[in-house]
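This is the structure I want to talk about, given as structure tokens.
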Amino acid sequence: MWRKEFVMIKVAFFDTKPYDRAAFEAACPEDMKIKFFETKLNADTADLAHGYDAACVFVNDTVDAAALDALEAGGVRLVALRCAGYNNVDVRHAFGHIHVVRVPAYSPYAVAEHAMAMLLTSVRRVHKAYNRTRDFNFSLNGLVGFDLYGKTVGVIGTGKIGRTFAAICRGFGMRVLGYDKYPAEDAGIEYVSLDTLFAESDIISLHCPLTEETKYLICKENIAKMKKGVVIVNTSRGALIRSEDLLEGIKERKIGAACLDVYEEESDIFFEDNSGHILEDDTLARLISMPNVLVTSHQAFLTEEALSGIAGTTVENIRTFFATGACENELCYRCG
Ligand code: NAI
């Protein structure tokens with residue numbers, strides 16, 4: 001079923017942005033031909049990949065059962081995620097039909113540093129100051145922040161990115177608490193229960209994957225357990241937070257600030273220029289209108305180092321799969 005001789009591997013690349021194209025054109029080997037489609041992959045667009053060997057997808061492509069069936073019918077044998085998270089892929093349905101590979105690691109620094117960039121921007125009101133001084137408004141009123149030094153940060157999910165973020169926080173002289181379903185012995189992190197983390201953290205940063213278990217981890221019930229004035233940072237996946245409850249917590253002054261690089265309903269909004277349109281999502285519009293909410297458009301991964309790492313690993317995943325029929329970065333819901 002896999003290729004032993006030199007044959008061109010044809011890849012249909014969905015949801016292409018100029019920065020993807022530049023990185024993948026630089027990484028594309030001679031035995032691979034990539035067709036770049038701007039559209040996202042879903043059941044309606046999967047036919048575009050007919051006749052291709054692999055479909056390369058990103059975080060907001062919808063790789064559900066219907067899309068996978070359509071890809072398989074068109075001869076696609078591999079879905080290559082150019083990201084780490086895979087909550088948008090029905091891996092269970094893919095099993096036995098289409099192989100799925102991902103990029104498990106590519107500069108955890110990119111995401112962890114963005115989390116810290118958002119946190120600093122928010123607590124020191126840099127976003128406010130930037131706008132003011134551009135208008136020659138040099139007033140400091142309303143810009144009082146707080147020191148990160150000495151504060152407690154709760155890191156939920158202490159994998160590659162969570163640990164990198166924890167290390168950055170330690171550099172600021174912060175106390176780091178961690179919660180992970182599978183705590184790592186060698187992480188050097190003080191693990192506590194989720195309830196203790198909620199109760200003691202001045203800042204909570206999310207770095208766990210989106211699963212059935214973690215969906216809406218930040219909800220009304222858990223927000224009630226947090227300190228008044230807590231800052232919530234989410235650079236992981238939007239649906240870790242129930243946005244309505246976050247908004248309520250902000251309106252009640254329980255949540256001091258929110259830094260959101262991801263949003264639960266981002267797929268039709270983020271990555272696109274919607275500046276000429278009326279935003280239909282009232283919750284997002286209200287969140288963005290809040291002075292203590294900072295939103296970036298799923299940008300945490302966007303560094304030169306990460307883009308080139310993503311392209312290199314994705315290309316290697318595809319080549320390895322078609323050369324050997326296997327790949328160490330393959331996802332398998334049965335493999336744990
Ligand atoms: P990782 O796999 O190295 O770490 C994830 C950690 O979460 C692991 O330690 C795991 O044990 C833990 N975990 C799993 N289930 C959990 C649960 N129920 N409760 C608490 N912890 C749990 O992943 P990595 O590379 O650190 O990435 C973390 C997340 O960051 C990804 O899942 C992805 O959603 C997100 N991400 C966001 C990006 C962005 O641009 N905003 C870019 C890359 C990743």
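Checking residue 152 against (1) within 25 Å of residue 195 (Cβ to Cβ); (2) β-branched (Val, Ile, Thr); (3) under 19 Å from the mean Cα position of the chain (by Cα); (4) surrounded by fewer than 21 Cβ atoms within 10 Å (Cβ to Cβ), which test does it fail?
Among (1) within 25 Å of residue 195 (Cβ to Cβ); (2) β-branched (Val, Ile, Thr); (3) under 19 Å from the mean Cα position of the chain (by Cα); (4) surrounded by fewer than 21 Cβ atoms within 10 Å (Cβ to Cβ), the lone unmet condition for residue 152 is (3).
Which residues, counting only those in segment 172-200, are open to solvent by less than 70 Å² (accessible area, probe 1.4 Å) and more than 20 Å from residue 255 (Cβ to Cβ)?
Residues satisfying the conditions are 173, 176, 178, 180, 184, 187, 188, 189, 191, 192, 193.
A quick yes/no check of all residues on (1) more than 25 Å from residue 210 (Cα to Cα); (2) at pLDDT below 95:
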position: 27; (1), (2): yes, no
position: 33; (1), (2): yes, no
position: 40; (1), (2): no, no
position: 46; (1), (2): no, no
position: 52; (1), (2): yes, no
position: 57; (1), (2): no, no
position: 60; (1), (2): no, yes
position: 67; (1), (2): no, no
position: 79; (1), (2): no, no
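Find all pairs meeting these conditions: Cβ atoms under 7 angstrom apart; at least six residues apart or on different chains; first residue within segment 79-104 and more than 23 Å from residue 34 (Cβ to Cβ); second residue part of a loop (DSSP other than H, G, I, E, B) and within 16 Å of the ligand (Cβ to nearest atom).
Close Cβ pairs satisfying both conditions: 87/209; 87/210; 87/237; 91/333; 92/333; 95/332; 95/333.
Can you tell me which residues in segment 261-319 are assigned to a loop (DSSP other than H, G, I, E, B), open to solvent by less than 20 Å² (accessible area, probe 1.4 Å) and out of contact with any Gly (no Cβ under 8 Å at 6 or more places or on another chain)?
Residues of segment 261-319 assigned to a loop (DSSP other than H, G, I, E, B): 261-265, 269-281, 290-292, 296-303.
In the following step, the residues that additionally are open to solvent by less than 20 Å² (accessible area, probe 1.4 Å) were identified as 261-263, 270, 298, 300-301.
Answer for segment 261-319, where residues must be assigned to a loop (DSSP other than H, G, I, E, B), open to solvent by less than 20 Å² (accessible area, probe 1.4 Å) and out of contact with any Gly (no Cβ under 8 Å at 6 or more places or on another chain): 261, 270, 298, 300, 301.
Just to be sure I understand, how many residues within segment 326-336 are in a loop (DSSP other than H, G, I, E, B) and either modelled with pLDDT of 95 or more or crowded, with 16+ Cβ neighbours inside 10 Å (or both)?
Looking only at that region, the number is 3.
May I ask you to verify whether residue 130 is assigned to a helix (DSSP H, G or I), away from the ligand (no atom under 13 Å from the Cβ) and among the hydroxyl-bearing types (Ser, Thr, Tyr)?
Answer is yes for this residue.
Conditions tested, residue by residue: (1) away from the ligand (no atom under 16 Å from the Cβ); (2) farther than 23 Å from residue 91 by Cα; (3) open to solvent by 20 Å² or more (accessible area, probe 1.4 Å).
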position: 216; (1), (2), (3): no, no, yes
position: 225; (1), (2), (3): no, yes, yes
position: 233; (1), (2), (3): no, yes, no
position: 239; (1), (2), (3): no, no, no
position: 255; (1), (2), (3): yes, yes, no
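Looking at segment 46-56, is at least one residue surrounded by 15 or more Cβ atoms within 10 Å (Cβ to Cβ), farther than 19 Å from residue 300 by Cβ and among the acidic types (Asp, Glu)?
yes
Another one. Working only within segment 189-224, note down all residues that are small (Gly, Ala, Ser) and in contact with a strand residue (DSSP E or B) (Cβ under 9 Å, 6 or more places away or on another chain).
193, 201, 205
Given the criteria closer than 30 Å to residue 91 by Cα, more than 9 Å from the ligand (Cβ to nearest atom) and charged (D, E, K, R), does residue 185 qualify?
yes
Same structure, new question: Scanning segment 58-80 for residues that are of a type in the set (A, V, I, L, M) and in a helix (DSSP H, G or I), which turns out most open to solvent (accessible area, probe 1.4 Å)?
So the first thing to find is which residues in segment 58-80 are of a type in the set (A, V, I, L, M), and the list is 59, 63, 65-68, 70-71, 73, 76, 78-80.
When the remaining residues are screened for being in a helix (DSSP H, G or I), the result is 65-68, 70-71, 73.
Working: 65: 30, 66: 51, 67: 0, 68: 6, 70: 20, 71: 0, 73: 84 Å².
The residue in question is 73.
Also: Output yes when any residue across segment 6-18 is under 22 Å from residue 266 (Cβ atoms), of a type in the set (A, V, I, L, M, F, W, C) and in a loop (DSSP other than H, G, I, E, B), and no when none is.
Yes - at least one qualifying residue is present in segment 6-18.
Continuing with the same structure: Hey, can you tell me all the residues within segment 91-142 that are farther than 25 Å from residue 81 by Cβ, open to solvent by 10 Å² or more (accessible area, probe 1.4 Å) and touching a Gly at 6+ places or on another chain (Cβ under 6 Å)?
Once the filter is applied, which keeps residues that are farther than 25 Å from residue 81 by Cβ, open to solvent by 10 Å² or more (accessible area, probe 1.4 Å) and touching a Gly at 6+ places or on another chain (Cβ under 6 Å), segment 91-142 yields 124, 125.
The values are calculated or read from the model by the stated rules, or taken from the named source; none is laboratory data. Since this is a predicted model, take the numbers as computed values, not measurements. Quick reminder, even Gly has a Cβ in these numbers, built from the backbone with ideal geometry, and neighbours come from all protein chains shown. For accessibility, only protein heavy atoms count, side chains too; no ligands or nucleic acids. Shrake-Rupley method; radii C 1.70, N 1.55, O 1.52, S 1.80 Å.
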